[in-house]
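The values are calculated or read from the model by the stated rules, or taken from the named source; none is laboratory data. These figures come from a predicted structure and were not determined experimentally. Note that each Cβ is placed from the backbone with ideal geometry, even for glycine, and that neighbours are counted across all protein chains shown.
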Amino acid sequence: MKKFIDAIEAFLGKHSWTPTRFGREIAGDPLFVFDLRDGREPRSETRNKVLKTMAKFSDSGKLSPLRLGVAGLGTVGAELVRILEKDGNSISRKIGREIIVSAVGARSRSRDRGVDLSNVTWFDDPVELAKSEEIDLFVELIGGEDGPALASVKAALSIGKPVVTANKALLAKHGVTLASIAEKTGAQLGFEAAVAGGIPVIKALREGLGSASVTRAYGIMNGTCNYILSRMGCEDISFEDCLKDAQELGYAEADPTFDVGGFDTAHKLAILTSLCFATQIAPDEIFVEGITAITQADIKVANDLGYKIKLLGLTQFSPEGIEQRVHPTLVPKTSAIAGVDGVLNAVVLETDHVQELMLSGPGAGGAATASSVLSDILDIARGTSVPPLGVPSDELAPYKRAPMRTHEGGYYIRFNAKDVPGTLGVITTSMGNQEISIESIIQRPDLQADGADNNAEKTRTIILITHETMEKNVRKALGEIEKSGLVIGNAQLIRIEKF
């Protein structure tokens with residue numbers, strides 16, 4: 001221990017640094033030297049990391065370049081290389097250290113990515129890239145929850161090498177395991193780009209809220225869905241036509257199920273929940289419902305009632321546990337979240353100190369995502385050190401699922417009902433049997449619900465708006481109504497949130 005302290009004191013004297021600067025730039029803790037002088041002994045991996053960092057200093061007092069290994073040169077990877085080429089000098093001035101891409105790995109070496117890669121080392125195996133002595137930091141932009149992405153990230157973290165990733169699927173499934181490995185070896189794990197693209201919500205949760213406790217978080221976390229719903233709200237076009245346009249514009253994949261089914265949002269929500277409430281990541285405990293059933297009838301009625309429809313991910317803490325859900329939601333047009341349209345994303349954090357904080361911006365795209373990747377790289381270059389999930393992984397509480405709560409705004413329910421005497425009575429009686437209070441009943445002969453057959457029995461569109469009630473009661477009532485044979489197809493159910 002004495003030799004370690006002597007080495008640090010010698011470094012301070014040689015470079016005329018203050019203890020605070022050393023702690024901030026070398027150890028990632030401004031109080032590090034002061035704690036040493038008070039007799040507080042750091043862990044062995046922390047000592048090794050500090051000694052290794054000091055050894056990288058040149059006589060000029062500047063850190064040697066931070067060498068990146070980038071696995072995956074798609075839209076985000078290529079854009080990251082492009083930004084570092086363009087802004088390299090300004091980045092170096094800001095952090096006192098050059099950042100260079102020294103090695104890469106990708107499926108094709110011959111593909112033109114619009115960046116100069118002639119002076120970098122190529123690796124066909126991302127695991128070998130992650131373990132290479134030619135790099136100081138591994139950037140994983142391969143994608144996928146298992147396979148090469150998982151193997152390469154584990155390989156880097158296991159030898160104490162910091163990792164930055166944009167892979168929400170990987171983190172949703174293996175985040176706690178990876179955080180534990182990082183903590184044991186003293187490596188940093190950055191994943192700002194994994195949730196909401198260019199919005200710095202991870203940094204806000206890990207570092208920016210001080211002692212404030214999050215009570216609820218919600219937001220628009222998928223640009224594809226937000227684009228489709230925004231277009232449907234502005235133009236009289238169907239979900240299918242909007243999706244086709246989104247695919248042609250590159251906003252949606254050829255197989256859009258992961259986006260429009262709500263699963264992409266669910267992965268991001270699982271990560272947010274862990275950071276908000278210091279719990280284990282639990283992607284399988286999320287109620288997930290996509291936007292494929294949303295029709296123009298729903299869009300028009302919502303508009304007439306003063307609402308917009310958004311696909312939201314919501315997580316909330318209660319004494320019964322934590323509730324996570326992803327589903328279409330009616331939100332008041334006057335709310336801030338309703339104004340987030342197109343491919344933009346937004347995340348709202350409700351806390352005990354700052355009440356409500358909304359972060360909004362581009363949620364996808366090469367430039368936005370690469371910017372978040374670079375933000376993590378710069379933090380690591382500066383020596384910033386925080387537990388990947390906000391608290392040490394062994395302090396994360398087991399996840400406890402809470403029942404779907406009482407919704408303040410109630411529910412929007414649309415029926416494609418047979419136009420015969422007694423239909424409305426059966427619907428209202430079934431609701432009453434489950435103690436569901438109805439705020440309003442709307443009959444719209446001008447709207448022909450999807451699924452109605454003009455050559456068959458005559459139908460009409462009936463819409464109910466309920467007061468607050470429990471999800472299970474609504475489901476029971478809908479079950480009774482469907483058994484009556486007086487409705488065609490499944491009822492459309494959309495929750496209402498009055499933010």
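Can you pull out every residue in the stretch 235-253 that is out of contact with any Asp or Glu (no Cβ under 7 Å at 6 or more places or on another chain), free of Cβ contacts under 8 Å to residues at least 60 places away in the same chain and not charged (D, E, K, R)? Matches in the stretch 235-253: I237, S238, F239, C242, L243, A246, Q247, L249, G250.
Checking the structure you have, find out if any residue of the stretch 272-285 is of a type in the set (F, W, Y) and either out of contact with any strand residue (DSSP E or B) (no Cβ under 6 Å at 6 or more places or on another chain) or over 22 Å from K173 (Cα atoms) (or both). Break it down into steps so the answer makes sense when it comes.
Quick first cut of the stretch 272-285, residues of a type in the set (F, W, Y) only: 277.
From what's left, either out of contact with any strand residue (DSSP E or B) (no Cβ under 6 Å at 6 or more places or on another chain) or over 22 Å from K173 (Cα atoms) (or both): none.
Looking for residues that are of a type in the set (F, W, Y) and either out of contact with any strand residue (DSSP E or B) (no Cβ under 6 Å at 6 or more places or on another chain) or over 22 Å from K173 (Cα atoms) (or both), one finds none in the stretch 272-285, hence no.
Which of the residues that make up the stretch 89-106 are loosely packed, with under 14 Cβ neighbours inside 10 Å and at pLDDT 85 or above?
Let us first name the residues in the stretch 89-106 that are loosely packed, with under 14 Cβ neighbours inside 10 Å, namely 89-90, 93-94, 96.
Scanning the stretch 89-106 gives N89, S90.
Screening H353 with (1) in contact (Cβ under 8 Å) with a residue 60 or more places away in the chain; (2) exposed (fewer than 15 other Cβ atoms within 10 Å of the Cβ); (3) closer than 22 Å to M221 by Cα gives one miss only, at (3).
Assess whether I26 counts as being farther than 18 Å from A381 by Cα and in a helix (DSSP H, G or I).
Details: farther than 18 Å from A381 by Cα: no; in a helix (DSSP H, G or I): yes.
No: the conditions fail for I26.
Would you be able to say whether some residue in the stretch 128-136 is within 18 Å of T75 (Cα to Cα) and either touching a residue at least 40 places away in the same chain (Cβ under 8 Å) or of a type in the set (S, T, N, Q) (or both)? No: the stretch 128-136 contains no residue that is within 18 Å of T75 (Cα to Cα) and either touching a residue at least 40 places away in the same chain (Cβ under 8 Å) or of a type in the set (S, T, N, Q) (or both).
Each residue in the stretch 195-204 was checked for being part of a loop (DSSP other than H, G, I, E, B) and either closer than 18 Å to F317 by Cα or out of contact with any Pro (no Cβ under 6 Å at 6 or more places or on another chain) (or both), and 4 of them qualify.
Considering each residue of the stretch 121-146, count those that are β-branched (V, I, T) and either surrounded by fewer than 17 Cβ atoms within 10 Å (Cβ to Cβ) or in contact with a Lys or Arg (Cβ under 6 Å, 6 or more places away or on another chain) (or both), and give that number. Talk me through it step by step, then tell me what you get.
Of the stretch 121-146, the ones β-branched (V, I, T) are 121, 127, 135, 139, 142.
Restricting the remaining residues to those that are either surrounded by fewer than 17 Cβ atoms within 10 Å (Cβ to Cβ) or in contact with a Lys or Arg (Cβ under 6 Å, 6 or more places away or on another chain) (or both) gives 121, 135.
Total meeting the criteria: 2.
Would you call T406 modelled with pLDDT under 90 and within 30 Å of I463 (Cα to Cα)?
yes
Looking at the structure I just gave you, is G366 on the phi > 0 side of the Ramachandran plot and either small (G, A, S) or touching a helix residue (DSSP H, G or I) at 6+ places or on another chain (Cβ under 7 Å) (or both)? If you could, list the steps in order and put the result at the bottom.
Details: on the phi > 0 side of the Ramachandran plot: no; either small (G, A, S) or touching a helix residue (DSSP H, G or I) at 6+ places or on another chain (Cβ under 7 Å) (or both): yes.
Spelling it out, it is not the case that G366 is on the phi > 0 side of the Ramachandran plot and either small (G, A, S) or touching a helix residue (DSSP H, G or I) at 6+ places or on another chain (Cβ under 7 Å) (or both).
Can you find a residue in the stretch 287-297 that is crowded, with 20+ Cβ neighbours inside 10 Å and within 27 Å of V76 (Cβ to Cβ)? Among the residues of the stretch 287-297, at least one is crowded, with 20+ Cβ neighbours inside 10 Å and within 27 Å of V76 (Cβ to Cβ), which makes the answer yes. If the condition is being part of a helix (DSSP H, G or I) and in contact (Cβ under 8 Å) with a residue 40 or more places away in the chain, then the stretch 1-23 contributes F4, A7, I8, F11, H15. Go through the residues of the stretch 183-194 one by one and say whether even a single one is surrounded by fewer than 18 Cβ atoms within 10 Å (Cβ to Cβ), farther than 28 Å from D394 by Cβ and outside the structural domain of R47 (by TED's automatic domain parsing). Looking through the stretch 183-194, none of the residues is surrounded by fewer than 18 Cβ atoms within 10 Å (Cβ to Cβ), farther than 28 Å from D394 by Cβ and outside the structural domain of R47 (by TED's automatic domain parsing).
Which residues, taken from the stretch 408-440, are assigned to a loop (DSSP other than H, G, I, E, B) and in contact with an Asp or Glu (Cβ under 6 Å, 6 or more places away or on another chain)? Across the stretch 408-440, the qualifying residues are E408, G409, G410.
Can you give me the number of residues within the stretch 290-323 that are more than 29 Å from S211 (Cα to Cα) and either in a helix (DSSP H, G or I) or without any contact (Cβ under 8 Å) to a residue 40 or more places away in the chain (or both)? Number of matching residues: 10.
In the stretch 205-289, which helices (runs of 4 or more DSSP H) lie fully inside it and hold 1 or more residues that are modelled with pLDDT of 90 or more and touching a Gly at 6+ places or on another chain (Cβ under 6 Å)?
Numbers: elements: 223-234, 239-248, 257-260, 263-277.
Those helices (runs of 4 or more DSSP H) span 223-234, 257-260, 263-277.
For the stretch 318-330, check the following and say yes or no: at least one residue is at pLDDT 95 or above and either charged (D, E, K, R) or farther than 29 Å from D446 by Cα (or both). Yes. So F258 clears everything in (1) touching a helix residue (DSSP H, G or I) at 6+ places or on another chain (Cβ under 6 Å); (2) crowded, with 19+ Cβ neighbours inside 10 Å; (3) among the hydrophobic types (A, V, I, L, M, F, W, C) except one condition, right? Which one? So F258 meets the others, but not (2).
Kindly check whether there is at least one residue in the stretch 40-57 that is touching a Gly at 6+ places or on another chain (Cβ under 8 Å), crowded, with 18+ Cβ neighbours inside 10 Å and on the phi > 0 side of the Ramachandran plot. Taking every residue of the stretch 40-57 in turn, none turns out to be touching a Gly at 6+ places or on another chain (Cβ under 8 Å), crowded, with 18+ Cβ neighbours inside 10 Å and on the phi > 0 side of the Ramachandran plot. How do the pairs read when you match residues in the stretch 115-126 that are assigned by TED's automatic domain parsing to the domain that holds G77 with residues anywhere that are polar (S, T, N, Q) and surrounded by 14 or more Cβ atoms within 10 Å (Cβ to Cβ), using Cβ under 9 Å and keeping only pairs 6 or more apart or on different chains? From the stretch 115-126, the pairs are N119/S102; V120/S102; T121/S102; T121/S132; F123/S132; D125/S152; P126/S152.
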